[in-house]
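S.K.: Pasting a structure below so you can have a look.
Only the coordinates and a few stated rules stand behind these numbers; no lab work does. Predicted, not measured: the structure shown is a model, and the values here were computed from it. Virtual Cβ from ideal backbone geometry, glycine too; neighbours counted across all protein chains shown.
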Amino acid sequence: MSVLPHIRCAVYTRKSSDDGLDQEFNSLDAQFEACAAYIASQRHEGWRHLPARYDDGGLS
């Protein structure tokens with residue numbers, strides 16, 4: 001049985017305009033949740049989700 005190395009995964013989200021960013025749940029949140037779910041699905045491969053969140057909202 002081989003031990004897989006841990007792969008640390010950060011999530012970076014981006015939206016080029018600030019339209020809709022004031023909503024309680026916006027596209028940055030949706031992007032983050034989708035990425036976090038994918039990282040979780042790869043946990044058996046050694047992927048680990050880093051707790052920090054990197055959002056660029058309203059930047060182009």
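S.K.: Hey, could you grab the Kirkwood Rh for the chain? Inverse mean 1/r over distinct alpha carbon pairs, Å, one decimal.
M.R.: 12.8 Å
S.K.: How about the stretch 1-46: which chymotrypsin sites (Phe, Trp or Tyr not before Pro) there are in a DSSP loop, with at most 13 other Cβ atoms within 10 Å of their Cβ?
M.R.: The qualifying sites are Phe25.
S.K.: A further question follows. Which angle between 0 and 90 degrees, to the nearest 10, do you get for helix 27-41 versus the longest principal axis of the chain when only C-alpha atoms count?
M.R.: The answer is roughly 10 degrees.
S.K.: Would you pull out the residues with amide H under 5 Å of Asp55's amide H, same chain only if 5 or more places away, H placed 1.01 Å from N?
M.R.: Those qualifying (amide H under 5 Å, at least 5 residues apart or on another chain) are Thr13.
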